[in-house]
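Notes follow the structure.
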Amino acid sequence: MMNPQIQDAFNEQLNAELFSSYLYLSMSAYFESQNLKGMAHWMRVQAQEENMHGMKFFDFINERGGRVALDKIKEPKTEWSSPLDVFEDTCKHESKVTGLINDLVDLSVKEKDHAASAFLQWFVTEQVEEEATAQEIRDKLRLVSDNPVALFMIDQELGQRGVPASGPART
Ligand code: FEO
């Protein structure tokens, strides 16, 4: 049987990952409304990645004989003042998620759940990448300010982001 505290915490994190997916999809919709197709694509791929993160928790809970409990997904923000505003929020959000993952690691150590600790290491590494990528884009946007040509070029660049191969399927 799965440790009940770990099960509850993992179900909460499953919800948090699905919220991340929802938030990035909302950012994608914002970029679509601004006709920034490359950024809209980047955020849509990010939303898919977050869904995949959620499914990793979904699968792990089931594999450990736990019970997945889906909860309501919070309504995401829908409006931003600029692309920079979106990526400032993305950085803040990812930093918050890193905190949640670190708390889960602490809990798994406290509960001596080694399988959960090992599982969470993937997320620890992933968060380093997620934060670095978001910060890199945010920093570029800070540099270009509202220069339309530079913004167009960043939009083009973000439009090149590849679609994850694994998708939301079982991993
Ligand atoms: Fe699932 Fe962006 O953290």
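The values are calculated or read from the model by the stated rules, or taken from the named source; none is laboratory data. Note that the structure is predicted; figures quoted are calculated from it, not measured. All Cβ positions, glycine included, derive from the backbone under ideal geometry; neighbour counts span all protein chains shown. In case anyone asks, the SASA skips ligands and DNA or RNA and just uses the protein heavy atoms, side chains included. Shrake-Rupley method; radii C 1.70, N 1.55, O 1.52, S 1.80 Å.
Before moving on, here are some points about what is shown:
- Asn51 meets the conditions (1) among the polar types (S, T, N, Q); (2) over 17 Å from Asn15 (Cβ atoms); (3) part of a helix (DSSP H, G or I) in every case but one. The failed one is (2).
- The sole residue among Ala40, Ala16, Ala29 that is closer than 18 Å to Glu130 by Cα and either away from the ligand (no atom under 16 Å from the Cβ) or open to solvent by 50 Å² or more (accessible area, probe 1.4 Å) (or both) is Ala40.
Residues checked against (1) more than 18 Å from the chain's Cα centre (by Cα); (2) in contact (Cβ under 8 Å) with a residue 40 or more places away in the chain:
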| site | (1), (2) |
| --- | --- |
| Asn3 | yes, yes |
| Leu23 | no, yes |
| Ala29 | no, yes |
| Met55 | no, yes |
| Lys74 | no, yes |
| Glu79 | yes, yes |
| Ser95 | no, no |
| Lys112 | yes, no |
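- Those residues of region 124-147 which are acidic (Asp, Glu) and either more than 13 Å from the chain's Cα centre (by Cα) or open to solvent by less than 50 Å² (accessible area, probe 1.4 Å) (or both), in sequence order: Glu126, Glu130, Glu131, Glu136, Asp139, Asp146
- Val45 surrounded by fewer than 20 Cβ atoms within 10 Å (Cβ to Cβ), among the hydrophobic types (A, V, I, L, M, F, W, C), at pLDDT 95 or above and in a helix (DSSP H, G or I): yes
- Scan of region 105-121 for residues that are more than 15 Å from Leu14 (Cβ to Cβ) and within 16 Å of the ligand (Cβ to nearest atom), ordered by number: Val105, Gln121
- Among residues of region 73-117 being among the acidic types (Asp, Glu) and open to solvent by 90 Å² or more (accessible area, probe 1.4 Å), the one that is farthest from Asp155 (Cα to Cα) is Asp106.
- Looking across region 1-13, just one residue is under 18 Å from Pro76 (Cα atoms) and buried (at least 21 other Cβ atoms within 10 Å of the Cβ), and that is Gln13.
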